[in-house]
Amino acid sequence: MLTLCFLLLANGVASPSFEEAVLLAEVEGVQGVFAEDLDNDGLDDVVWVSPEGVTWSRSLGSGDFEAPALLDELLGFCTAVDMDGDGDLDVMGYGTWYEGAGDGSFTAHPFDAEAGSEDCWVDDLDGDGDLDVMYAEYWNPPAYWYANLGDGVFGPPEELPHAAGQDPRGWGVASGDLDGDGVVDVLTGIDADLGGGLTWAKGLGGGAFGEPSGVRVGGVGCETADLDGDGDVDVLSGAFWAENLGGAQFNDGQTIFDDHLAATAPFDFDGDGDLDIVMAGNDGPLGWFEFDNGAYGGIHEVSGELSGWVEVALGDLDNDGRVDILTGERLSGEVALYLQGDEDGTRCGCSASTGAGGWVLGLMLAVLRRRRGAVARWSEPA
C-alpha cells in the first residue's frame, strides 16, 4: 500500500520540490506513460507505450528499476485494474483485456480488434457490479462502450451520447456521478474544430443514458474529479476545467494554461483538501498548478526543457511515501522520472500515516489515476 507523508510547517503544508529528471529510457514515438504495480509487489512499476508495443520496467524500490522488457502480449494499455475480481491487477487495452497472473505476466482476451484509438475509461456504467469500458475514436462512431457480461466476456459496442458536430471526431471519454443522484453519468469530448465540444449525458441506470448536455468547448481528452473539494464532480479537459455548481450545472470554467493539447494529472500536492494539477504543455514547461480561492494560480515549474507532445503520470516511484512525476516525450522519446524531495532537495523517509484532510496517498492515487491509455500504433500529433 502506498503511504502518505506531508511535511508540516508552522504555517501549513510545504509545497513539493522535485529533483532533476532521471532518464529511464529513450523510446521512439512514446505515446503514453503509466505508473502501475503490475507484479503485485507493492511497488509502482513504469509502463510506456510506443509503436514497438507495451514496455515495462520493474521497480526495485528507492527509485531503481530493472532493464525495460517488452510485454509481448500487450498491444495497448488503458489502465491496470482488477477486471476479474481475483485480487491482482489485469490490464484493459483497446479491444482486449489482459488477465494478470500477479507476477507481471498476462494472458490476452480479445473482444473487438477494432476498438478505440484516442482514449478509454473503465467504470461500472450499468450498475451491475463489474467494470465496463468505453472508448473515444477519432472516426465514427466517436464514443462508445462495451458492457462487461462477466467471465471476461464483453457485449457488442453501444454508441454513447455526444455532441453532434459537422463531423464528430472523439477526443476523450470519462464518467462520474455528475448530477449527484447516485447513478454514473458519462462525459464525451468531440473535436471542437469540427463543431463538437465537451458534453455530459445523464445515467438512467442499467447502461441507458439521456441526451447530451453541453459543458462547453474544452481541450483534448476529458476526465472527472472533485477538483475544488466541495463534494461534487468537476470536469477537466486539457488545460480547461469547469466547476460543477451542483446538479451538473457548470460554470464558464477556467483555462489554466494556454495549450489545449496539455497533458494533465490531478493530485493534492499541498495537502489542503483540493486538487492541484500537474500539467505539461504541447511545447512548454512541466509544472503543477495550485488550486486556491476557487481557481488555479500560476505554474510551479518542475522542468522547462521538455520537447513537446508530453504524456504525464503520477506514482510513488521511489517508495518513499510521496507522489512523483513520470513523463514521456513523444518527440525526443525520453521517458523520465521527477522524484519528489523536501524543499531543501533531500529525500523523505516516511511511514504509513494520514495527513491534512485525512488523505491517504494510496487511496488518492487509486481514485485519481486516469482510466485511459494509449494504443501501440503510430499516429502523428495533431
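Key figures for this structure:
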item	result
The range 137-191 shape via C-alpha gyration tensor axes, a/c threshold 1.5	oblate
Förster radius 45 Å - calculated FRET efficiency between A101 and V22 (Cβ-Cβ, nearest 0.05)	0.95
Compactness index (Cα Rg / 2.2 N^0.38 Å), the range 22-118	1.04
5 angstrom amide H check on L74, placed H, neighbours 5+ away	V54
In sequence order, calculated HN-Hα J values of the range 136-143 (Karplus, 6.51, -1.76, 1.60; Hz; x Gly/Pro)	10, 10, 7, 8, 7, x, x, 8
Cα→Cβ-extended label distance, 7 Å offset, between D151 and E211, nm	4.1
Solvent-accessible surface ranking, highest first, for T255, T224 at 1.4 angstrom	T255, T224
Listed peptides 75-82, 236-243, 61-68, 268-275 by packing density, highest first (mean Cβ within 10 Å)	236-243, 75-82, 268-275, 61-68
Linear extension gain, D292 paired with A113, 0.36 nm per residue minus alpha-carbon span	60.0 nm
Added length on full extension, which subtracts the Cα-Cα distance from 0.36 nm per residue, D88 to D177	29.4 nm
Computed label-point distance, nm, for sites Q254 and L70 using a 7 Å Cα→Cβ extension	4.5
The range 184-295: C-alpha gyration tensor shape, a/c 1.5 cut-off, then a/b vs b/c	oblate
Separation in nanometres of the label points that stand 7 Å from Cα toward Cβ, at W139 and N40	3.8
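The values are calculated or read from the model by the stated rules, or taken from the named source; none is laboratory data. Predicted model only: the values in this text are computed from it and were never measured. Every residue, glycine among them, receives a Cβ derived from its backbone with ideal geometry; neighbour counts consider all protein chains shown. Surface accessibility is based on the protein's heavy atoms, side chains included, excluding ligands, DNA and RNA. Shrake-Rupley method; radii C 1.70, N 1.55, O 1.52, S 1.80 Å.
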